[in-house]
Amino acid sequence: MIKAIQTLSLICGIILSTHAQDPKNIIQKSLDKVNGKSSQGEMEMTIVRPRYTRTMTMKSWSLGRDYFLIYITGPARDKGQVFLKRQTDMWNWIPNISRMIKLPPSMMGQNWMGSDFTNDDLVKMNSLVDDYTHKMIGSEKVDGIECYQIEMIPKPNSSVVWGKINIWIGKTAYYQMKAEYYDEDFELVSTMEASEITQFDDRKLPAKMVMTPINKPGNQTIMVNKNLKFDTDLEESFFSQQNMKRVR
């Protein structure tokens, strides 16, 4: 009887270990950690170019994976612009001209506010879990953290920005530490590297993310999380076109 119990425990341990290392499951765990059920935060984005550097500050709110709102707090020329995602729709409110613009899906791959991040990077229109197939391709340390290396290929008929994504996720804390973004010909377009693990609210996350385009020497965009709170009290009604005009 004891031997049977030991054998059963060993089998259960193997099953649980296999499930824990399933690449799709790892991606889901990493997204749950980054987003929570809901979140709100403050961020600083620095766009570096060979001839200039400019910095923007912003606030963000999210609810699940279907609702995102970003409010730009500076500099003065951009302050007040708002980006809203509701399920599969995205809008941009530009207060200087009192204009609401609906952004078509074809614009998800375009650079957000002149940065090296795409519109999709900011509002997460595409699902890394549902829109891609996942394959474990290796293991590697990134910034001293042991990571799973996972290859993601779009599913047939998925309307996504990238032809392939390779992503490195921490084995114990599920930090998203690095990503490589490829076009439809599998040519590397840009890389993202994360660092500065910091305590935010009830969890630790990388505070700094650097996006670097491959074929544009001297260009990069640095995103720094200044403050993040998770599982906050947000309703779907917060993410409305009306609220875009009054959120602060």
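For the range 173-248, which GluC sites (Glu not before Pro) are both in a DSSP coil and crowded by at most 14 other Cβ atoms within 10 Å?
Here the GluC sites (Glu not before Pro) that fit, given the DSSP loop and packing criteria, are GLU184, GLU187, GLU235.
Semi-axes of the range 36-173's equivalent ellipsoid from the Cα gyration tensor, sqrt of 5 times each eigenvalue, largest first, rounded to whole Å? Mind showing how you got there, number by number?
Numbers: eigenvalues 164, 75, 45 Å².
Rounded to whole Å, the semi-axes are 29, 19, 15.
Working from Cα positions, state the angle (0 to 90°, nearest 10) between the long axis of helix 2-20 and the longest principal axis of the chain.
20 degrees
Please identify the trypsin sites (Lys or Arg not before Pro) of the range 43-119 that satisfy two criteria: DSSP loop assignment and at most 13 other Cβ atoms within 10 Å. Which are they?
Counting only loop positions with at most 13 other Cβ atoms within 10 Å, the trypsin sites (Lys or Arg not before Pro) in the range 43-119 are ARG51, ARG77.
Let me test this: with uniform point scatterers at the alpha carbons of the range 103-194, what is the Debye-based log₁₀ I(q)/I(0) at q = 0.11, 0.13, 0.16 1/Å?
Listed by q, the Debye log ratios stand at -0.32, -0.44, -0.67.
Any chance you could run the full-extension gain for ASP89 through PHE238? It's 0.36 nm times the residue separation minus the Cα-Cα distance, nm to one decimal.
So the chain would gain 52.1 nm between ASP89 and PHE238.
List the relative contact order of the chain as a percent without decimals, with contacts defined as Cα pairs under 8 Å and 6+ residues apart.
For the chain, the relative contact order is 20 percent.
I'd like to check one number: the per residue accessible area of the range 61-132, probe 1.4 Å, reported in Å² as a whole number.
Dividing the accessible area of the range 61-132 by its residue count gives 42 Å².
Using a 1.4 Å probe, how large is the accessible area of PHE239, given in Å² and rounded to the nearest 10?
About 0 Å², ignoring ligands and nucleic acids.
With respect to the cross-link table entries LYS79/LYS171; LYS33/LYS79; LYS135/LYS226; LYS155/LYS178; LYS135/LYS245; LYS79/LYS141, which display a Cα-Cα separation exceeding 31 Å?
On the way: LYS79/LYS171 39 Å; LYS33/LYS79 29 Å; LYS135/LYS226 33 Å; LYS155/LYS178 22 Å; LYS135/LYS245 43 Å; LYS79/LYS141 39 Å.
Long pairs (Cα-Cα over 31 Å): LYS79/LYS171; LYS135/LYS226; LYS135/LYS245; LYS79/LYS141.
Can you give me the angle between helix 23-35 and the longest principal axis of the chain, using Cα atoms only, in degrees from 0 to 90, rounded to the nearest 10?
Approximately 40 degrees, to the nearest 10.
Apply the Debye scattering formula to the chain, with a single equal point scatterer on each alpha-carbon and no solvent, then give log10 I(q)/I(0) at q = 0.07, 0.11, 0.12 Å⁻¹.
Values returned for q = 0.07, 0.11, 0.12 Å⁻¹ are -0.26, -0.62, -0.73.
Given the options ILE222, ILE165, ILE94, state which has the largest fluctuation in a GNM of the chain using a 10 Å cut-off (strictly under) for Cα springs.
Comparing ILE222, ILE165, ILE94 in a Gaussian network model of the chain, the most mobile one is ILE94.
Put one equal scatterer on each alpha carbon of the range 129-245, apply the Debye formula with no solvent term, and list log10 I(q)/I(0) at q = 0.18, 0.19 1/Å to two decimals.
With no solvent term, the Cα-only Debye profile gives -1.10, -1.15.
Accessible area of the chain with a 1.4 Å probe: how many percent of it is carbon plus sulfur?
50 percent
Pull up the cross-link candidates among the aspartates and glutamates for LYS208, meaning alpha carbon to alpha carbon under 13 Å and not fewer than 8 places away within one chain.
Qualifying aspartates and glutamates at Cα under 13 Å: GLU42, GLU44, ASP143, GLU193, GLU196.
The values are calculated or read from the model by the stated rules, or taken from the named source; none is laboratory data. Quantities reported herein were computed from a predicted structural model and do not represent experimental measurements. Cβ: placed from backbone, ideal geometry, glycine included. Neighbour counts: every protein chain shown. Ligands, DNA and RNA are excluded from the accessible area calculation, which covers all protein heavy atoms including side chains. Shrake-Rupley method; radii C 1.70, N 1.55, O 1.52, S 1.80 Å.
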